[in-house]
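See below for the structure under consideration.
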Amino acid sequence: MHELGITQNIVAIVAEHARGRTVVRVVLEVGALAGVMPDAILFCFDVVAEGTPLQGAALEIRRIEARGRCRDCGTEFTQDTLFTPCSCGSHDVERLTGHELRIKEYELHLASEATPQTAQERPYADGLPAQGERDV
Ligand SMILES: [Zn+2]
């Protein structure tokens, strides 16, 4: 289950940026073709977060559908799998969305402020292959 390793990376990245402050919420974007199971990440998160600044934080996973654009006819459509062809029959499809795996934002609890601070989007999967095997 490579989701365990992915979850460990997510927790490590956010914990590093939190610099000792308590993290109250993490938002993760997961594309339909990212090759990870959101339920498995949710399952791992509480255990992995234990003893870190993320302990007790809420993990929100936003699923992103896979969309492609046909290079033959220009149609944009939703893909259920990597190999879903265009309605015109073409398999020459440009990937638009679906491989996302990134930390969208996280909220820190700041003792000196009344409201939590939300950090900016941070890509997680930079440098990883766009598709195929993904050893995180
Ligand atoms: Zn087409």
Picked from the range 61-78 (must be over 25 Å from residue 106 (Cβ atoms) and β-branched (Val, Ile, Thr)), the residue farthest from the ligand (Cβ to nearest atom) is 78
Limited to the range 66-111, what total is found for residues that are in contact with an Asp or Glu (Cβ under 7 Å, 6 or more places away or on another chain), within 30 Å of residue 13 (Cβ to Cβ) and acidic (Asp, Glu)? 2
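Among the residues of the range 14-53, which ones are among the β-branched types (Val, Ile, Thr) and more than 29 Å from residue 68 (Cβ to Cβ)?
Our first condition is that a residue be among the β-branched types (Val, Ile, Thr); within the range 14-53, this holds for 14, 22-24, 26-27, 30, 36, 41, 47-48, 52.
Within the range 14-53, 14, 22, 23, 24, 47, 48, 52 qualify.
State whether one or more residues within the range 77-97 are under 30 Å from residue 20 (Cα atoms) and of a type outside the set (Val, Ile, Thr).
Kept after step one, since they are under 30 Å from residue 20 (Cα atoms), are these residues of the range 77-97: none.
Scanning the range 77-97, I find no residue that is under 30 Å from residue 20 (Cα atoms) and of a type outside the set (Val, Ile, Thr), so the answer is no.
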Find all pairs meeting these conditions: Cβ atoms under 6 angstrom apart; at least six residues apart or on different chains; first residue within the range 82-105 and within 14 Å of the ligand (Cβ to nearest atom); second residue of a type in the set (Lys, Arg). 92/71; 94/69; 94/71; 96/67; 96/69
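Any read-out appearing in this document is the output of simple, stated calculations on the displayed coordinates, not a laboratory observation. All values reported here derive from a predicted model rather than from experimental measurement. Glycine gets a Cβ as well: all are built from the backbone with ideal geometry, and neighbour counts include every protein chain shown.
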